[in-house]
1. Per the Kirkwood treatment, what hydrodynamic radius in Å, one decimal, follows for the protein assembly as shown from the mean inverse distance over all distinct Cα pairs?
2. Would you tell me the accessible area of A:K286, worked out with a 1.4 angstrom probe on the heavy atoms of the protein chains, in Å² to the nearest 10?
3. Modelled label-to-label distance, A:D191 and B:E208, 7 Å Cα→beta-carbon offset: nm?
4. Ignoring ligands, DNA and RNA and using a 1.4 Å probe, state the total buried accessible area between A and B in Å², rounded to the nearest 100.
5. Would you work out if the range B:6-66 is rounded, prolate or oblate? Take a ≥ b ≥ c from the square roots of the eigenvalues of the alpha-carbon gyration tensor; rounded if a/c is under 1.5, else prolate when a/b is larger than b/c, oblate otherwise.
6. Post the alpha-carbon centroid distance, the range B:143-209 to the range B:1-58, in whole angstrom.
7. With a 1.4 Å probe and all protein chains left in place, how much of the accessible area of the protein assembly as shown comes from carbon and sulfur atoms, in whole percent?
8. Where in the range B:133-176 does the amide nitrogen come within less than 15 Å of the point 7 Å from the Cα of B:Q192, taken along Cα to Cβ?
Amino acid sequence: MINMTWEMFLQHLANGISLGSLYALIAIGYTMVYGILRLINFAHGDIFMMATYFAFFGVFFGLPWYIAFPITIILTILLGMGVEIAAYRSLRDAPKISIMISAIGASFLIENLAIVIFGGRPKAFPTEELFTKVVYIGNISVQRLTFIIPIVTIILLVMLLYLINKTKTGMAMRAVSKDHETAKLMGVNIDRTISTTFGIGSALAAIGGIMWGLKFPQIQPLMGVMPGLKCFIAAVIGGIGNITGAVIGGFFLGVSEIMLVAIFQGLTGYRDAFAFIILILVLLFKPTGIMGEKISEKV
Amino acid sequence: MLKIDNLVVAYGGIEALKGINLEVEEGKIVTLVGANGAGKSTTLRSVVGLVKPKSGSITYNNIDLLNMKTQDIVKLGITLVPEGRRIFPNLTVLENLKLGAYFRKDTNEIKKDLEWVYSLFPILKERHWQMAGTLSGGEQQMLAVGRALMSKPKLLMMDEPSLGLAPIIVNELFNIIKEIHNQGVTILLIEQNANAALHIADIGYVIETGMIKIKGEGKELLNNDEVRKAYLGENVSN
Ligand SMILES: Nc1ncnc2c1ncn2[C@@H]1O[C@H](COP(=O)(O)OP(=O)(O)O)[C@@H](O)[C@H]1O
Ligand SMILES: [Mg+2]
């Protein structure tokens, strides 16, 4: 380690964990949609971006955060479900390639609409003292947010795993992810189940987006692209389709990205390339990811 | 109960069913036998709305099924045990059974039906916590039938339930089918194993390349020369 003190190390670790938590929240959305539709929802990063704008405007128009943020989550859920209905539902039985093109189209559409409506210039996300206040632990100074983010993420993960594994809705989601046709034979409304999946993924992206805005308080219409790609990579690292895997992948990517830059400061400019190098390595040596099952040929 | 009239189904221009008529009366066991590719599965899949017919009609107690969604058809009391079992391997045995009762709200009745299914298939009770994917082929077929029963069907349709099972298990399965029938469930059974199916059936249909060739009582068809030659592998030349 190149002249790094113990305190600095902990500080970087804390930052890495909170960045990793944000990656994890967004990665869950990719992995859930893939699990149920065998589809990469390319618009997911843009849904995340839209959430930060919803929150921005909520606060901008004078709503207190505890009203603006829940409204943001609701609007983002509606947006995610809307994208599913508009871009994917009518193509349910179409070849995979058509659905993929539709996904890319949805992504471009949202990005460009955002540029037209919100303007291309970055906006300053309103900071909220309650979350951004700096606290000192010994010689380490961190924002409260640095602790709040991983805690919120873990709580959401536990809730999500409960929903998937212990509730009737979750049971239907697991069934649909294996076999649409047989799930229908059980009387499951698969359109509704898929819609729910998009809703959950979007809600998590919204919460991730709000916390992202608080942590990196500058938002712009293309801000979802790079985190979107990285979180997709996180989902692949964890084993796409596996929720716990996506979270592990998110933490892994966040922590290693921060540490890499902290240790080898000369590599700062390669920060974004790092995720892709990891992706290539995973695809070469363990394409099923950390927790993944065999990848089906459906993609 | 179930009435299929002049049903035509085409896959990309090729007709798999060329206008078939078939009727299932309440309380009966009806079997549809025929060679591989004759159109048996297509017939059942049309009934539950998994394939969209080109023309013809399918009614259940005079309700038109053709424009209904699968998830609504099963709520009428029609269940299909699909070809190849299609259990959910990533769910436990108990979860698979619960999924069979997915759309039902009558919690107490569901519990009773679960006990009934367990009494028919004690092995499922023993393994209720196991992932269904870890069951043997025979056990998976039992699970597929049990899961279908959990929807409390009035009409139970089974697509080649004996496929790939050891003869002793096939016997057991056919006994259970009779037992289910005795409980008042009407049964439409598809089989390549025509012998076993015709033995328990009240009415049998023989389908050949998308057309019904012969219809008759089960016993009658067992003695029909044509059937014996084509489907029972018997030499009837003398
Ligand atoms: N999804 C499909 N696409 C195209 N052809 C199909 C499809 N399913 C069945 N067929 C064709 O329809 C015919 C009847 O098939 P099927 O109903 O499965 O017969 P069976 O169940 O009697 O073996 C066969 O010629 C089969 O190849
Ligand atoms: Mg078949």
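The values are calculated or read from the model by the stated rules, or taken from the named source; none is laboratory data. All figures in this text were calculated on a predicted structure; none of them were measured in a lab. Every residue, glycine among them, receives a Cβ derived from its backbone with ideal geometry; neighbour counts consider all protein chains shown. With ligands, DNA and RNA removed, areas are computed over all heavy atoms of the protein, side chains included. Shrake-Rupley method; radii C 1.70, N 1.55, O 1.52, S 1.80 Å.
1. The answer is 26.2 Å.
2. In the full protein context, A:K286 sits at about 100 Å².
3. Reported label-point gap for A:D191 and B:E208 is 4.3 nm.
4. 2000 Å²
5. oblate
6. If we compute the Cα centre of each part, the gap is 17 Å.
7. Accessible surface attributable to carbon and sulfur in the protein assembly as shown totals 61 percent.
8. In the range B:133-176, the label zone of B:Q192 (backbone N under 15 Å from the point 7 Å along Cα→Cβ) covers B:159-167.
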